[in-house]
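Read the structure below first, then the notes.
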Amino acid sequence: MTSGSAHDPRTIIITGASSGIGKKAAVALAAGGATVAVVGRNPERTRAVAEEVGGIAYVCDFDRLDAVRELAQKLLDAHPRIDALANNAGGLVSQRAVTADGFERTLQSNHLAPFFLTRLLLPRILESDGRVISTSSAANMFGRVRLDDLNWGKRPWLGGWGAYGTSKLLTNMFISQLAARSRVKAFAFHPGIVTTSFGMNSATMRVVSSVTNGHYGISADAGAVPLIQLAGPTTIGVPSGTYFDQLKPFGRQAPQAKNTMLAEVVWERTSEMVGLPASLD
């Protein structure tokens, strides 16, 4: 990655920006001059971060696709340019639950909602010669896509880890297909094992945090570095569609990530699930 100018005049949208690496990235990118649209689920935290970075707060619940559509319209109305969209929202759900749209929550928050938001904003991003960045995870390695069970209703839940890993595998497939189907610059990345509030409704993560006294991973500042670099005013010297392991391109992925035919079917199925045509024409 090659550094750009010190002043970044661009507009950057960051979801999941009310805490963790999203907040750290919002602060850093705003300090570089960017206008940051702060998207979060928690109203108080989202507004506080927006005030801190001098940006606009957008509160959105990704468990509702109609709310995602409303968010997209607000962003389009407010921002004539969208130079970068960072799909950073999502999480681990310890008990299986279904959204109002009828989809398993991990699938919707980690895959369907960011796919939907990106598709709705894509024309503006393309007009701006912008890029799309999605926060993935090394957990994609234990993901397994089953087209007959995207909603994870036929497999043991086991604390949601399988569904989580699969959602991150779907993230990587989405980014590779987005790069293949359009001229947008699209990248996914694993931030590292970050010590944040992520997954604290999971018994496994609570035990790990307790045993290590909260020191089981890297800091949120360190975890935010790939997001800041990929969303910032930099030239990314690798092909669009690349998955980064932190700052290292071409990170390890589950074998299904290389299955182009499966990724194409997933794109088509996902488009159908959110009510959009598969074609970007």
In sequence order, calculated HN-Hα J values of region 238-243 (Karplus, 6.51, -1.76, 1.60; Hz; x Gly/Pro): 9, x, 4, x, 6, 9
Protection-proxy order for peptides 175-183, 29-37, each taking the mean of Cβ atoms within 10 Å per residue, highest first: 29-37, 175-183
Distance between modelled label sites at HIS7 and ARG81, nm, 7 Å Cα→Cβ extension: 1.3 nm
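For region 98-205, report the accessible area per residue in Å² (1.4 Å probe, heavy atoms, rounded to an integer). Let's see the in-between values first.
Numbers: 3590 Å² over 108 residues.
So region 98-205 comes to 33 Å² accessible per residue, rounded to a whole number.
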Fraction of accessible area attributable to carbon and sulfur, the chain (%, probe 1.4 Å): 53 percent
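Over the alpha-carbon set of the chain, divide Rg by the Kirkwood Rh and report the Rg/Rh ratio to two decimals. Write out the running numbers ahead of the final one.
Working: Rg = 17.3 Å, Rh = 18.6 Å.
Reported Rg/Rh (Cα atoms, Kirkwood Rh): 0.93.
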By average C-beta atoms within 10 angstrom, highest first, the peptides 267-273, 233-239: 267-273, 233-239
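Cα-Cα over 31 Å: which of LYS23/LYS185; LYS23/LYS74; LYS74/LYS258; LYS74/LYS248?
Working: LYS23/LYS185 23 Å; LYS23/LYS74 21 Å; LYS74/LYS258 35 Å; LYS74/LYS248 35 Å.
Over 31 Å apart, Cα to Cα: LYS74/LYS258; LYS74/LYS248.
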Cβ-based charge dipole, the chain, positive-most Cα from PRO255, ALA180, VAL194: PRO255
Pairwise centroid distance, computed over Cα atoms, of region 224-273 with region 1-71, Å: 21 Å
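The values are calculated or read from the model by the stated rules, or taken from the named source; none is laboratory data. Fair warning: this is a prediction, and the values are worked out from it, not measured in the lab. Neighbour counts are summed over all protein chains in view; Cβ atoms, including those assigned to glycine, are modelled from backbone coordinates with ideal geometry. For accessibility, only protein heavy atoms count, side chains too; no ligands or nucleic acids. Shrake-Rupley method; radii C 1.70, N 1.55, O 1.52, S 1.80 Å.
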